[in-house]
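Working notes, beginning with the structure itself.
The values are calculated or read from the model by the stated rules, or taken from the named source; none is laboratory data. Because the structure is predicted, anything quoted here is derived from the model rather than measured. Don't worry about glycine lacking a Cβ; one is built from the backbone with ideal geometry, like all the others, and counts go over all protein chains shown.
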Amino acid sequence: MLTRFASVSLLLASAVFGAERGAEIRLWPNGAPGSEKETAPEVFAASDNPKLPKQFTVVHYPAVYAFLPPKEKANGMAVVIAPGGGHSQLVIGKEGWDIAEWMNARGIAAFVLKYRLAKAKDSHYTVEREAFADTARAMRLVRSRASEFGIDPARVGFIGFSAGGYLAALIETRFDAGNDSSPDAIERASSRPDFNIVVYPGYPAGSITSVPKNAPPAFLACADNDPSHVVTTVNLYLDLQKQGIPVEMHIYGSGGHGFGIKASALPVASWPDRLKEWLVDRKLLKQ
């Protein structure tokens, strides 16, 4: 059953972040560009945890939910997580909270992105304007507050699933170094991921047209029996390879779309192990 609420920002001190898992941090405390005058409530489906909905269908107040690993496990890495949902919803349980748990178990700080939905009912947002702005701002926010979160600002990555994979492909190719002259400290930070993980991405043909020479290394994964998404995965791989960007791709014979990180007897269930090996190979994570 859908519940409506006005999202409340939790701008907490670093001591609180250590104790408050899933704290919500608005990307723009005074309103996101394109949503400044918005007063409507967001719409979400409740879960067993009242603080962590399992699905959003209306988003007006983009935010990240912070999940920091225990101090004794933390290794300084961080990742922003973009769930999928076809831009009409956020499948934030399976492709958000579950992924954050996996990251935390390996000492990686996780920030689950709640981005605006271009295909939600009556939405005036677009993927390449508002949703991408939310993506870039999330990268800047996490990096600009690295000392508060106890992370290395040179080891902040991004992971996106399906529609979130579209955002991952966009941030792979349209990042920038930040605006040094901005009065906003967040806007002065770079939006470039130090690594990028793109899982069964979906986006229109021709929307990813130019890969810069300094694009981050990428890890790609999908299933062969997910036809439209395997095409975008392979095309992104080829575009990155042409520019000499380090990239690793795994295409599994079966698994369909939206396999996430769930346990299964299928080989696709091992993709998180391949990801961990890639992070070790890239010297981002210790064995």
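Quick grid of which residues meet (1) within 18 Å of V64 (Cα to Cα); (2) out of contact with any Asp or Glu (no Cβ under 8 Å at 6 or more places or on another chain):
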| site | (1), (2) |
| --- | --- |
| N75 | no, yes |
| V79 | yes, yes |
| P83 | yes, no |
| R174 | no, yes |
| P183 | no, yes |
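Over 30 Å from A263 (Cα atoms) and at pLDDT below 95, is that true of D122?
Numbers: over 30 Å from A263 (Cα atoms): yes; at pLDDT below 95: yes.
Yes; evaluated as a whole, the condition is true for this residue.
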In this structure, is S182 assigned to a loop (DSSP other than H, G, I, E, B) and buried (at least 18 other Cβ atoms within 10 Å of the Cβ)? no
Scan the range 208-249 for residues that are among the small types (G, A, S) and surrounded by fewer than 21 Cβ atoms within 10 Å (Cβ to Cβ) and report the count. 3
Unmet criterion (only one of (1) under 22 Å from F219 (Cα atoms); (2) surrounded by fewer than 24 Cβ atoms within 10 Å (Cβ to Cβ); (3) in contact with a strand residue (DSSP E or B) (Cβ under 9 Å, 6 or more places away or on another chain); (4) touching a residue at least 40 places away in the same chain (Cβ under 8 Å)) for E101: (4)
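Scan the range 255-265 for residues that are of a type in the set (A, V, I, L, M, F, W, C) and surrounded by fewer than 15 Cβ atoms within 10 Å (Cβ to Cβ) and jot them down. Walk me through how you get there before you give the answer.
Within the range 255-265, the subset of a type in the set (A, V, I, L, M, F, W, C) is 259, 261, 263, 265.
Of everything in the range 255-265, those that are of a type in the set (A, V, I, L, M, F, W, C) and surrounded by fewer than 15 Cβ atoms within 10 Å (Cβ to Cβ) turn out to be A263, A265.
Give the residue, chosen from Y200, Y252, that is buried (at least 17 other Cβ atoms within 10 Å of the Cβ), of a type in the set (S, T, Y) and in contact (Cβ under 8 Å) with a residue 40 or more places away in the chain.
Working: Y252 fails: in contact (Cβ under 8 Å) with a residue 40 or more places away in the chain.
After ruling out the rest, the residue left standing is Y200.
Filter the range 251-267 down to the residues that are among the aliphatic types (A, V, I, L, M) and within 24 Å of Y203 (Cβ to Cβ), then identify the one that is nearest to the chain's Cα centre (by Cα). Break it down stepwise before answering.
Step one: list which residues in the range 251-267 are among the aliphatic types (A, V, I, L, M), which gives 251, 261, 263, 265-266.
Now drop any that are not within 24 Å of Y203 (Cβ to Cβ), which leaves 251, 261.
Numbers: I251: 21, I261: 15 Å.
Once the filter is applied, the top-ranked residue is I261.
Taking the range 44-98 on its own, how many of its residues are of a type in the set (A, V, I, L, M), surrounded by 17 or more Cβ atoms within 10 Å (Cβ to Cβ), over 17 Å from the mean Cα position of the chain (by Cα) and part of a loop (DSSP other than H, G, I, E, B)? Break it down stepwise before answering.
So in the range 44-98, the residues of a type in the set (A, V, I, L, M) come out as 45-46, 52, 58-59, 63-64, 66, 68, 74, 77-82, 90-92.
In the following step, the residues that additionally are surrounded by 17 or more Cβ atoms within 10 Å (Cβ to Cβ) were identified as 52, 58-59, 63-64, 66, 68, 74, 77-82, 90-92.
Narrowing further to those that are over 17 Å from the mean Cα position of the chain (by Cα): 58, 74.
When the remaining residues are screened for being part of a loop (DSSP other than H, G, I, E, B), the result is 74.
Residues that pass the stated criteria total 1.
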Of all residues in the range 124-143 being under 16 Å from A189 (Cα atoms) and of a type in the set (K, R), the one that is surrounded by the fewest Cβ atoms within 10 Å (Cβ to Cβ): R137
Filter the range 268-287 down to residues that are more than 15 Å from Y200 (Cβ to Cβ) and in a helix (DSSP H, G or I), then give me how many there are. 8
